[in-house]
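The values are calculated or read from the model by the stated rules, or taken from the named source; none is laboratory data. Keep in mind the model is a prediction, meaning the values are calculated, not measured. Ideal geometry is used to build each Cβ from the backbone, glycine not excepted, and the neighbour counts take in all protein chains shown. Ligands, DNA and RNA are excluded from the accessible area calculation, which covers all protein heavy atoms including side chains. Shrake-Rupley method; radii C 1.70, N 1.55, O 1.52, S 1.80 Å.
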There are 2 protein chains.
Amino acid sequence: MVLFMKMYDLINKKKNTEKLTGEEIEFIIQGFTNGSIPDYQMSAFLMAVCLNGMDHEETAALTVAMAKSGDILDLSAIHGVKVDKHSTGGVGDKTSLVLSPMVASLGIPVAKMSGRGLGHTGGTIDKLESFPGFSTSISSEKFIENVNQVKMAIVGQTPNLAPADKKIYALRDVTATIDNISLIASSIMSKKIASGADVIVLDVKTGSGAFMKTYEESLALAKEMVQIGTIAGRKTFAVITDMNQPLGNAVGNTLEVIEAIDTLRGEGPKDLFEVSITLASYMLVGAEIARNVEEAKSMLYKTMEDGTALNKLAEFINAQGGDNKPVYDTSLFQKASIAYEVEAPTDGFVSYIHTDEVGMTSLVLGGGRETKESVIDLSVGIKIRKKLGDAVVKGESLATLFANDKDKLEEAKKRLLNAYVIAETKPEKPKYVYAIITKDGVIEM
Amino acid sequence: MVLFMKMYDLINKKKNTEKLTGEEIEFIIQGFTNGSIPDYQMSAFLMAVCLNGMDHEETAALTVAMAKSGDILDLSAIHGVKVDKHSTGGVGDKTSLVLSPMVASLGIPVAKMSGRGLGHTGGTIDKLESFPGFSTSISSEKFIENVNQVKMAIVGQTPNLAPADKKIYALRDVTATIDNISLIASSIMSKKIASGADVIVLDVKTGSGAFMKTYEESLALAKEMVQIGTIAGRKTFAVITDMNQPLGNAVGNTLEVIEAIDTLRGEGPKDLFEVSITLASYMLVGAEIARNVEEAKSMLYKTMEDGTALNKLAEFINAQGGDNKPVYDTSLFQKASIAYEVEAPTDGFVSYIHTDEVGMTSLVLGGGRETKESVIDLSVGIKIRKKLGDAVVKGESLATLFANDKDKLEEAKKRLLNAYVIAETKPEKPKYVYAIITKDGVIEM
């Protein structure tokens with residue numbers, strides 16, 4: 001009853017636009033996580049937060065309280081500065097597969113924890129399972145050992161990582177309390193902070209395929225997250241990158257692994273390479289391996305040129321039980337049974353791509369999870385043939401769909417055609433990177 | 001799932017300060033009443049209403065939807081215009097006991113439905129049970145018959161009166177979503193509208209013992225309720241009356257009945273008489289029995305002078321099985337065993353009364369319900385001896401406490417002393433009536 005009344009008072013405080021103390025926020029998060037604060041009080045509180053906001057200090061306190069609601073990973077047994085990268089999510093986003101071996105090959109430990117959420121494609125773990133035998137079910141001792149020896153390891157997300165965030169997110173999802181910057185930022189950052197990295201590089205996507213559709217929203221989110229990370233004592237950078245079209249050309253699990261390998265061999269799409277190397281360069285700067293971004297970029301470029309990054313990928317796959325031969329011969333990967341060209345219905349220029357719809361095309365083909373129970377078909381997906389600003393002739397291929405099921409292919413084809421807008425005038429091509437946000441300010445590109 | 005998503009969209013709409021349609025509001029109320037909309041969605045919605053507000057049309061739609069969530073009383077079998085009075089609640093408020101027999105004695109049907117809520121004293125029904133044998137457990141046929149013959153009857157509240165309001169109120173009570181004018185007004189008015197009266201007179205209390213502490217808040221609530229009643233097709237008046245001290249001198253169940261009888265005999269306190277006759281006069285004007293307030297007041301005054309109102313009370317008590325002899329000899333009522341004088345600790349003037357604390361004194365003595373299970377002691381209570389602006393001498397009685405339990409008396413005495421502020425300068429006496437609100441505007445006194 002005392003707890004109950006205290007929560008009442010705290011809801012009331014936020015309703016009256018007063019600032020909550022760190023202790024008060026911790027009380028709320030602990031109480032909601034252990035069940036002493038019921039859903040209906042929490043949802044009223046979350047609505048008050050949505051409408052009256054939280055300042056930077058409150059948001060940081062919320063984040064830390066959520067991080068502390070479960071296990072905090074202890075990475076102290078890993079030698080060196082631990083760096084981590086997180087993306088707010090987009091279509092065709094396989095930067096982790098490109099930059100992790102690059103960074104690891106320079107001796108920086110990449111200790112990655114990754115989930116298997118719902119989405120257009122699987123997560124990084126699902127993608128890596130394209131390598132036969134690859135497993136993330138390794139003990140934490142083996143994980144630490146691999147990071148120290150190989151400098152790169154990936155493990156499934158512990159179920160007790162920021163449980164408060166999981167519970168709060170489920171409630172926000174059904175009470176129209178999603179779109180508040182403090183709640184979004186704290187949700188992302190609580191998991192990153194619990195994951196134990198010293199340096200955090202955030203890839204904040206912006207555009208038609210991103211959670212944040214406009215640059216302004218993305219910038220606000222990036223600033224908030226950098227603030228939180230800084231207050232929580234982590235060196236934090238954010239990079240705002242384009243998501244007005246898929247990143248690179250491949251969308252789908254194995255297809256994306258192949259594209260990442262191509263990129264590590266210097267034969268990948270330019271946008272994917274640029275975004276990956278920019279993110280990686282801030283990981284190097286944060287770890288103090290490079291003095292500045294230019295130096296970092298040239299170090300990273302060299303890992304591609306001399307093949308050390310590709311070799312690092314192969315070493316990592318092998319260390320986690322996978323067959324690494326496909327790293328050197330991607331024709332060994334399992335392929336989808338059908339390849340279908342989606343033809344342009346008219347002449348013109350690709351003027352807009354509903355990127356979310358491209359993602360839905362992958363989901364429809366079976367490449368992602370609609371529910372927790374969905375089984376992913378790793379071989380299906382899309383190879384984009386035309387991107388923003390490209391000229392197209394009627395009948396020319398916009399994209400190739402890779403499918404294993406004719407019915408799914410029909411629906412996927414409709415989706416993909418809906419995603420493309422073809423117009424008479426040629427649009428400007430979007431930038432790859434819009435801005436860098438550090439604790440000291442914003443650098444616009 | 002469809003219902004669930006629709007509620008999501010409606011929460012979102014109110015969160016974005018958009019106006020809801022009548023159909024949308026009805027959907028919410030129906031869904032919450034039948035359980036298809038869960039508490040956590042409703043509490044998020046209520047918080048959005050608290051912070052973004054509702055306009056008059058939305059508030060009226062909410063009220064009607066809540067009224068329609070249960071039984072709507074059909075009073076069509078009662079001859080004449082049905083009038084009802086409602087008070088927002090205060091300490092020592094026994095106006096119903098005074099004005100109902102006055103109005104009924106003029107031939108206007110008073111069909112009262114009353115609850116047994118929590119409070120400092122019982123409700124009107126509890127108070128009337130001071131008459132041995134009096135019962136409100138009568139059939140609806142008997143109720144209608146009594147109203148037609150006696151012009152006055154009272155019955156317990158049906159459990160299915162505006163169930164949506166009951167359920168919403170319980171949720172507001174634990175989620176800090178009480179203090180919104182639309183929610184307060186619709187809660188009160190939904191029950192009044194479901195009760196079926198044609199004319200509604202609202203007694204909106206203001207001051208230290210009222211729900212609304214300031215005149216401005218009380219005025220806003222009064223205006224909102226008159227708007228709702230008018231939109232719902234009921235002739236509605238509101239009277240803002242003082243609650244900076246108990247109304248009259250008696251607080252407690254039987255004590256209040258005695259004071260009401262004294263008032264009907266022309267020997268009651270002036271404030272109680274003035275407030276009762278003002279409220280009653282708008283009931284007469286609303287029922288078109290009097291052309292104006294002055295005429296109504298003189299008609300009402302006459303029912304006191306010639307004893308018809310007192311006789312009506314006796315007739316009504318008898319018709320519902322009660323022994324009405326105490327109407328003519330109040331010494332027949334059961335009395336408390338202890339009478340204790342609370343002495344003034346110092347000389348001066350009564351400059352402020354924490355009226356809520358006087359109410360708590362009655363509750364502590366056993367005169368009200370703390371929980372639904374509490375059993376009320378009808379004989380206990382307080383007789384106020386000193387009111388605002390009165391001069392007091394140290395040792396003089398501020399109030400007499402009537403108790404049946406010495407331990408409770410000790411605590412009650414402390415409460416009563418805490419309620420009084422005695423100062424050196426004489427304060428102004430408060431008005432009895434501050435303003436009248438009709439659909440045409442506000443008349444300040």
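Near A:LEU20: Cβ cut-off under 15 Å, other residues only, Lys/Arg at +1 and Asp/Glu at -1. The net charge is -3.
Using the Cβ-Cβ distance between A:TYR215 and B:GLU411 with R0 = 60 Å, the FRET efficiency computed as 1/(1 + (r/R0)^6) comes to roughly 0.40.
Could you work out which residue, out of A:SER69, A:SER140, A:SER298, moves most in a Gaussian network model of chain A, that is, has the largest mean-square fluctuation with Cα springs under 10 Å? In this elastic network of chain A, the residue with the biggest mean-square fluctuation among A:SER69, A:SER140, A:SER298 is A:SER140.
Separation of the alpha carbons by more than 32 angstrom is noted, of A:LYS235/B:LYS14; A:LYS6/B:LYS213; A:LYS191/A:LYS431; B:LYS192/B:LYS408; B:LYS14/B:LYS431, for A:LYS235/B:LYS14; B:LYS192/B:LYS408; B:LYS14/B:LYS431. When B:MET445, A:MET299 are compared by accessible area at a 1.4 angstrom probe, the order from most to least is B:MET445, A:MET299.
Of the accessible area of the protein assembly as shown, computed with a 1.4 Å probe over protein heavy atoms only, carbon and sulfur atoms account for 51 percent.
Partner shielding of B:170-176 amounts to 6, given as the average count of beta-carbon atoms from other chains within 10 Å of each residue beta-carbon.
In order along segment B:271-276, phi translates into HN-Hα couplings of 5, 4, 5, 4, 5, 4 Hz, rounded to whole numbers, per the Karplus curve 6.51 cos²θ - 1.76 cosθ + 1.60 with θ = phi - 60° and x for Gly and Pro.
For the pairing of chain A with chain B, what total accessible surface becomes buried, with a 1.4 angstrom probe, in square angstrom to the nearest 100? For chain A against chain B, roughly 1900 Å² becomes buried.
Centroid-to-centroid, using Cα positions, segment B:218-248 and segment A:316-339 are 77 Å apart. The residues of segment B:37-51 listed by number as losing at least 40 Å² of accessible area in the complex, against the isolated chain and with a 1.4 Å probe, are B:TYR40, B:ALA44, B:MET47, B:LEU51. Once you divide the Cα radius of gyration of the protein assembly as shown by 2.2 N^0.38 Å, the number left is 1.27. Take A:SER87: with every protein chain present and a 1.4 Å probe, its accessible area is about 20 Å². Counting, for every residue in B:7-14, the Cβ atoms of other protein chains within 10 Å of its Cβ and taking the mean gives 3. Taking every DSSP bridge with both residues inside the protein assembly as shown, close to 60 percent are antiparallel.
Cross-link partners of B:LYS312 among aspartates and glutamates, defined as those whose alpha carbon lies under 13 angstrom from its own and excluding same-chain residues fewer than eight positions apart, are absent.
Any idea how far the Cα center of segment B:49-96 sits from the one of segment B:120-152, in Å? Between the Cα centre of segment B:49-96 and that of segment B:120-152, the gap is 21 Å.
Computed from the Cβ-Cβ distance with R0 of 30 Å, the FRET efficiency linking A:GLN334 to A:LYS372 stands at 0.80.
For segment B:163-172, the Karplus equation 6.51 cos²θ - 1.76 cosθ + 1.60, evaluated at θ = phi - 60°, returns couplings of x, 4, 4, 4, 5, 5, 4, 4, 6, 4 Hz by residue, with Gly and Pro reported as x. Spin-label model, B:HIS56/A:SER298: points 7 Å from Cα along the beta carbon direction are separated by 7.5 nm. Accessible area per residue was computed with a 1.4 Å probe on protein heavy atoms; B:ASP329 scores about 60 Å².
Of all DSSP-defined beta bridges confined to chain B, some 60% are antiparallel rather than parallel.
Look at the stretch A:177-186: the mean tally of other chain Cβ atoms within 10 Å of its residues' Cβ atoms is 1. Solvent-accessible surface of segment B:2-53, taken per residue with a 1.4 Å probe and all protein chains present: 40 Å². Extending 7 Å from Cα along the Cβ direction at A:MET445 and again at A:ASN148 yields two label points whose distance is 3.8 nm. Couplings for segment A:354-361, taken from phi via the Karplus curve 6.51 cos²θ - 1.76 cosθ + 1.60 with θ = phi - 60°, read 6, 4, 4, 5, 5, x, 4, 4 Hz in order; Gly and Pro are left as x.
For segment A:233-350, a Kirkwood radius taken over Cα pairs fed into Stokes-Einstein (10 °C, viscosity 1.306 mPa s) yields D = 95 µm²/s.
Per Stokes-Einstein, at 10 °C and 1.306 mPa s, what whole-number D in µm² s⁻¹ belongs to segment A:337-423, with the Kirkwood radius over Cα pairs as the hydrodynamic radius? The calculation lands on 122 µm²/s.
Assuming R0 = 35 Å, can you tell me the calculated FRET efficiency for the pair A:GLU343 and A:THR438, based on Cβ-Cβ distance, to the nearest 0.05? Efficiency, from the Cβ-Cβ distance: 0.15. Across the options A:ILE138, B:PRO269, A:VAL204, the greatest Cα extent toward the positive end of the charge dipole of the protein assembly as shown (unit charges at beta carbon of Lys, Arg, Asp, Glu) belongs to A:ILE138. Nearest 500 deg cm²/dmol is fine: what mean residue ellipticity at 222 nm does chain B get from its DSSP H runs of n ≥ 4 alone, each adding -39,500 (n - 2.57), divided by its residue count? So the helix-based figure for chain B works out to -14000 deg cm²/dmol.
Projecting label points 7 angstrom from Cα along Cα→Cβ for B:ASP71 and A:HIS79 puts them 8.3 nm apart.
Rounded to the nearest 10 square angstrom, A:HIS79 shows an accessible area of 120 square angstrom against a 1.4 Å probe.
Computed from Cα atoms alone, the Kirkwood hydrodynamic radius reported for chain B is 22.6 Å.
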